[in-house]
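Just below is one structure, and these are the notes that go with it.
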Amino acid sequence: MHTRKIVTVIGARPQFIKASAVSAVLAESPHLHEVMIHTGQHFDANMSAVFFDELGMRAPDHCCGIHGGAHGAMTGRMLIEVERILVDEAPDALLVYGDTNSTLAGALAAVKLGIPVAHVEAGLRSFNMAMPEEINRILTDRISNWLFAPTAGAVAHLTGEGVAVARIKEVGDVMFDVARRHGARCAPDEGLLAELARRHGVSPNSYCLATIHRAESTDHPARLRAICDALISFAHELPVIFPVHPRTRQSMHALGLMDRLAGTVLLVDPLGYRDMVQLEKFAALIVTDSGGVQKEAFFHQVPCVTLRDETEWTELVDAGWNRLAPPNNAGAMLSVMRAAVGTRGRSAAPYGDGNAAGHIVACLEQGLA
């Protein structure tokens, strides 16, 4: 088999994490050569460069520096730049992850050039078409040649939509691969958690970790106010550590919420992957609107409350590890958060054997032979 070239398109924090697992296996393949494009969707050093360093990833081959603006404008600019790079690179396949604007732009650019597309994390559905992510994932699945599904539920969604079974591969979740590797390296008495203990009296297994970043939270003032009110109230019962995403910070500043949170909720800058894993692993509760953080909570066996109307990871709700709390009413969210502390879900293993990256690379080697 001749060496085949695969171009990977990434742009956001969760994609760096997922790609780190697959890229490590690709680097060991004698049959596949990876070229990486970073669109720049997450450009802040704490949201981008630190992840490459901590996850042992080499620097991207192409950096587009595209971020900000409306969804259509951002996706369009990415489409133009990725297409230009693909024409120059002439790859045998393109690999994308998840459900961001970078995902859709990469897939569209490739399919219009006749380049087959592989989609990692295919088949996830929230069934909420108001979410930009839902549109991105549905369209990407529709035009992909390889649909790498993380769960049996994702496979069921795809087959229910009429996708040919031959295109679907249930490989497990690459985030499980990464969490197993890095979670084993974390201790509660070192690094960031040790610093927070010295400076703020935070104790392992005795705090809540909160993350908020989705547009459905940050771009709706009533929802964002309700979330902040719930976190402020909960912080009087259990310390709340809140790494603030740049978009969330901007929205909270505009609404005067940063001053309300300060002094009650422990606000910190965005975290690198290892710091985030440590805080997740030793939390008493995780409160989030992130898809990836929901799973990471489960990987570390920490109860989770998801501040959304729905979740793609319904198996975690079914198993009792995750609870939904729509961010419409602070009191209702607070009640769910209180009820989740100290709970454990049922034993479950929905995300494969921890070698999703190996299964993905094996499929690509076979498909491109």
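Tell me, Thr100, Thr39, Thr218 in order of fewest to most beta-carbon neighbours within 10 Å?
So the ranking, lowest neighbour count to highest, is Thr218, Thr100, Thr39.
Give me the base-10 log of I(q)/I(0) for the range 188-340 at each q in 0.10 Å⁻¹, Debye formula, one uniform scatterer per Cα, rounded to two decimals.
Values returned for q = 0.10 Å⁻¹ are -0.30.
Place +1 on the Cβ of every Lys and Arg and -1 on the Cβ of every Asp and Glu in the range 188-340, take the dipole about the Cα centre, and give the residue among Cys208, Asn322, Ile232 whose Cα lies farthest towards its positive end.
Farthest along the dipole direction, towards plus: Ile232.
Under 5 Å between amide H atoms, partner at least 5 residues away or on a different chain: which partners does Thr211 have, H built in plane at 1.01 Å?
Val287, Thr288, Asp289
If each residue of separation counts as 0.36 nm, what is the full-extension length gain between Thr343 and Arg198 once their alpha-carbon separation is subtracted?
49.4 nm
Pairs Lys169/Lys295; Lys18/Lys281; Lys5/Lys295: which are spaced more than 25 Å apart, C-alpha to C-alpha? Mind dumping the intermediate values first?
Values: Lys169/Lys295 20 Å; Lys18/Lys281 18 Å; Lys5/Lys295 31 Å.
Correct reply: Lys5/Lys295.
For the range 195-210, just list the computed ³J(HN,Hα) in residue order, Karplus coefficients 6.51, -1.76 and 1.60, θ = phi - 60°, integers in Hz, with x standing in for Gly and Pro.
Taking θ as phi minus 60°, the curve returns 5, 5, 5, 5, 8, 10, x, 6, 10, x, 6, 9, 8, 10, 9, 10 Hz for the range 195-210.
In nm, to one decimal, how far is the modelled label at Asp189 from the one at Phe127, with both set 7 Å along Cα→Cβ?
4.9 nm
Could you work out the per residue convex hull volume over the alpha carbons of the range 128-200, in cubic angstrom?
Measuring per residue, one finds 148 Å³ for the Cα hull of the range 128-200.
Tell me, what ³J(HN,Hα) does each residue in the range 32-39 have, in order and in whole Hz, if you take phi through Karplus 6.51 cos²θ - 1.76 cosθ + 1.60 with θ = phi - 60° and put x for Gly and Pro?
10, 10, 9, 10, 10, 10, 9, 5
Can you give me the relative contact order of the chain as a percent, contacts being Cα pairs under 8 Å and 6 or more apart?
In percent, rounded to a whole number, it is 16.
Compute the relative contact order of the range 188-340 as a whole-number percentage, counting only Cα pairs closer than 8 Å that sit 6 or more residues apart in sequence.
Details: 253 pairs, mean separation 39.5, N = 153.
Normalised by residue count, the contact order of the range 188-340 is 26 percent.
In whole Hz, what ³J(HN,Hα) sequence does the range 80-91 give by Karplus (6.51, -1.76, 1.60; θ = phi - 60°), x for Gly and Pro?
4, 6, 5, 4, 4, 5, 5, 4, 6, 7, 6, x
Over the Cα atoms of the range 290-369, compute the convex hull volume and normalise it per residue, giving Å³.
Dividing the Cα hull volume of the range 290-369 by its residue count gives 98 Å³.
Return Phe176, Phe148, Phe299 ranked ascending by Cβ neighbour count within 10 Å, so the fewest neighbours appear first. Could you put the intermediate results ahead of the total?
Details: Phe176 24, Phe148 27, Phe299 20.
In increasing order of surrounding Cβ atoms, one gets Phe299, Phe176, Phe148.
Rounded to whole Å and sorted largest first, list the principal axis extents of the Cα atoms in the chain.
Between the extreme Cα coordinates on each principal axis of the chain lie 61, 42, 40 Å.
Considering only DSSP states other than H, G, I, E and B, which GluC sites (Glu not before Pro) in the range 151-193 qualify as loop sites with at most 16 other Cβ atoms within 10 Å?
Listed in order of number, the matching sites are Glu161, Glu190.
Read the figures in this text as sums done on the coordinates, not as results from a lab. In this text the structure is predicted, and so the values were computed from the model without any measurement. All Cβ positions, glycine included, derive from the backbone under ideal geometry; neighbour counts span all protein chains shown.
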